[in-house]
């Protein structure tokens, strides 16, 4: 549990503002599912890509099996969510 309290992740303020604007705009026009995908993509980007040195450690980045599976499952969730959202609106 100490790992969660001691880890510091830096998120640029303009990205937080962009997330706030895009989420608010999509919710304002009634696109709740789009807002969910936008929030998930920002969290995936912030948690993995932007802070990859904290997650993977410093040094030469290596694409091992765990890293590929982690990011691959994240992308797969986005694709499946988009397919599910499109299928649900077609009914």
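The values are calculated or read from the model by the stated rules, or taken from the named source; none is laboratory data. Just so you know, these numbers come straight off a predicted model, no measurement behind them. Neighbour counts are summed over all protein chains in view; Cβ atoms, including those assigned to glycine, are modelled from backbone coordinates with ideal geometry.
List pairs: first in region 13-34 and surrounded by 13 or more Cβ atoms within 10 Å (Cβ to Cβ), second not in a helix (DSSP H, G or I), Cβ under 9 Å, 6+ apart or cross-chain?
Within 9 Å, the pairs are 25/31.
Say we look at region 1-31 and pick out the residues that are assigned to a helix (DSSP H, G or I) and either at pLDDT below 90 or touching a strand residue (DSSP E or B) at 6+ places or on another chain (Cβ under 6 Å) (or both); which of these is nearest to residue 80 (Cα to Cα)?
Going residue by residue through region 1-31, those that are assigned to a helix (DSSP H, G or I) are 2-6, 13-28.
Within this subset, residues satisfying the condition of being either at pLDDT below 90 or touching a strand residue (DSSP E or B) at 6+ places or on another chain (Cβ under 6 Å) (or both) are 2-6.
Numbers: 2: 34, 3: 31, 4: 29, 5: 32, 6: 34 Å.
The qualifying residue nearest to residue 80 (Cα to Cα) is 4.
Quick check: is even one residue across region 34-51 modelled with pLDDT of 75 or more, more than 24 Å from residue 79 (Cβ to Cβ) and either assigned to a loop (DSSP other than H, G, I, E, B) or out of contact with any strand residue (DSSP E or B) (no Cβ under 7 Å at 6 or more places or on another chain) (or both)?
No; the residues of region 34-51 include none that is modelled with pLDDT of 75 or more, more than 24 Å from residue 79 (Cβ to Cβ) and either assigned to a loop (DSSP other than H, G, I, E, B) or out of contact with any strand residue (DSSP E or B) (no Cβ under 7 Å at 6 or more places or on another chain) (or both).
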